[in-house]
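Student: I have a structure I would like to understand better, so I am pasting it below and will then ask my questions one at a time.
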Amino acid sequence: MMYDLIIIGSGPAGLSAAIYAGRARLNTLIIEKQGMSGGQVLNTYEVDNYPGLPGMNGFDMGMRFKEHADKFPVDFVEGEVVEVKLDGAVKQIRTHEQIYEGKTVLIATGARHAKLNIPGEDRLAGRGVSYCATCDGAFFRNKTVAVVGGGDVAVEDAIFLARFCEKVYLIHRRNELRAAKILQDALFELPNVECVWDSVADEIVGEDVVSGIKLHNVKNNEEKLLMVNGVFIAVGMHPNSEIYREILECDDLGYIQASEEGVTNVLGVFVAGDIRTKQLRQIVTAVSDGANAVTSIQKYMVHHR
């Protein structure tokens, strides 16, 4: 079967695109790797910044997105994309099981947070462990938190959290930060931020929620336990773009180059969500990306029938 549109990825960007594509009567296929739609939002304990749905459980939000997409004649298949051929009028997407063909392709495979890979991190994810200060910071008002990292994002997160947290620890494995000097200056002026130098995290502790983080000093091997209510991990992100980097223009970090219209350098190939170059990677911007990309796809198909 020849599809009008093949969407790779079924997170908020992919599902939003499916809804818009269904309304536009595009013959659409979504390929989802995990067999369950929703993407990273499924692992989010609570979403408090999506307009109109404050405090919604992330899993429930993902299911609502999927239910909405199911109202339209969109095909869903489970599979991991292992090879793509995107040049020419017909695009080919190969999974382990099958080859799919489409007139256009929308890549919405997102990005993954770099992890510390320490005990307690996965178990307490969404229960005090977070990778997004702007998403979850408000839950820690008047509490004590730790930020792990030393780059721009980590320092920006610490500054943001210091606005409403009682105490913020910034944990960094070196004795100086990598962040821009202007950010460092702003950080060091804050009375409720304490930098913990030359230290790495060994374990995040807590029963049902985070209660502390174990550290050790890389210079003298001294161990300590910081009592905190939350741990924000800011050690980078990795876009899920590996198989596209030889074909599509990407920035130095591997994010696919595209504006909010979602148009890439290859005709008929579009991108939406966390995988594209953008300022803010959140559910609300991913949903917007999906809508914008389908609008671009409709315009493309008018001129490439």
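Student: Helix hunt in the chain: which complete DSSP H runs extend at least 18 Å axially by C-alpha with mean Kyte-Doolittle at least -0.5?
Tutor: Qualifying helices, which must be both long enough and hydrophobic enough, are 283-303.
Student: Further question: Using r as the Cβ-Cβ distance of GLU166 and GLU121, and R0 as 25 Å, what FRET efficiency do you calculate, to the nearest 0.05?
Tutor: Between GLU166 and GLU121 the formula returns 0.60.
Student: Which whole-number percent gives the relative contact order of the chain, counting Cα pairs below 8 Å spaced six or more residues apart?
Tutor: That works out to 20 percent.
Student: Right, next: Considering only DSSP beta bridges with both partners in region 129-233, what is the antiparallel share in %, to the nearest 5?
Tutor: Beta bridges within region 129-233, antiparallel portion: roughly 40 percent.
Student: Further question: Which of GLN184, GLY137, PHE164 sits farthest toward the positive end of the charge dipole of region 129-233, with +1 on the Cβ of Lys and Arg and -1 on the Cβ of Asp and Glu?
Tutor: Farthest towards the positive end: GLN184.
Student: Sort all Cα-Cα distances of region 129-233 into consecutive 10 angstrom bins from zero, then give the percent of pairs in each bin up to the one containing the longest distance.
Tutor: Values per bin, smallest distances first: 16, 51, 30, 2.
Student: So if each residue of separation counts as 0.36 nm, and I subtract the Cα-Cα distance between ALA24 and LYS224, what length gain in nm does that give?
Tutor: My answer for the length gained is 66.2 nm.
Student: Hey, another quick one. If the elastic network links every pair of Cα atoms under 10 Å, which of ILE31, ILE99, ILE182 fluctuates the most in the Gaussian network model of the chain?
Tutor: Looking only at ILE31, ILE99, ILE182, the largest GNM fluctuation is found for ILE182.
Student: Can you give me the Cα centroid spacing of region 77-113 and region 125-171 in angstrom?
Tutor: 37 Å
Student: On to the next question. Which cross-chain or sequence-distant (5 or more) residues have an amide H under 5 Å from the amide H of ILE171, H modelled 1.01 Å from N in plane?
Tutor: Those lying under 5 Å, H to H, from ILE171 are VAL147, VAL148, GLY149, VAL196.
Student: ARG94 to GLU189: extension gain in nm, 0.36 nm per residue of separation minus the Cα-Cα distance?
Tutor: Roughly 28.9 nm would be gained on extension.
Student: Counting only DSSP beta bridges with both residues in the chain, what percent are antiparallel, rounded to the nearest 5?
Tutor: If we restrict to bridges inside the chain, about 40 percent are antiparallel.
Student: Considering only LYS143, LYS219, LYS85, give the residue with the highest GNM mean-square fluctuation for the chain, with springs between Cα atoms whenever their separation is below 10 Å.
Tutor: Comparing LYS143, LYS219, LYS85 in a Gaussian network model of the chain, the most mobile one is LYS219.
Student: Ranked highest first by the average count of other Cβ atoms within 10 Å around their residues, in what order do 275-284, 161-170 fall?
Tutor: 161-170, 275-284
Student: At what distance in nm do the modelled label points of GLU207 and ASN57 sit from each other, each positioned 7 Å from its Cα along Cα→Cβ?
Tutor: Here the answer is 2.1 nm between the modelled labels.
Student: How big is the dipole moment of region 145-290 about its Cα centre under a simple scheme where the beta carbon of each Lys and Arg is +1, that of each Asp and Glu is -1, and everything else is neutral? Debye, nearest 20, please.
Tutor: 200 debye
Student: Would you mind working out the magnitude of the charge dipole of the chain relative to its Cα centre, with +1 at each Lys and Arg C-beta and -1 at each Asp and Glu C-beta, to the nearest 20 Debye?
Tutor: Dipole magnitude for the chain comes out near 540 debye.
Student: With a point put 7 Å past each Cα toward its Cβ, work out how far ASP48 is from ILE247 in nm, to one decimal.
Tutor: With each label point 7 Å from Cα toward Cβ, the separation is 4.1 nm.
Student: Measure up LYS143/LYS278; LYS278/LYS299; LYS33/LYS214 against 28 Å on the Cα-Cα distance and list the ones that go over.
Tutor: Where the Cα-Cα span goes over 28 Å, the pairs concerned are LYS143/LYS278; LYS33/LYS214.
No lab work stands behind these numbers, since they all come straight from the coordinates. All values reported here derive from a predicted model rather than from experimental measurement. In this analysis, Cβ positions are derived from the backbone assuming ideal geometry, glycine residues included, and neighbour counts consider all displayed protein chains.
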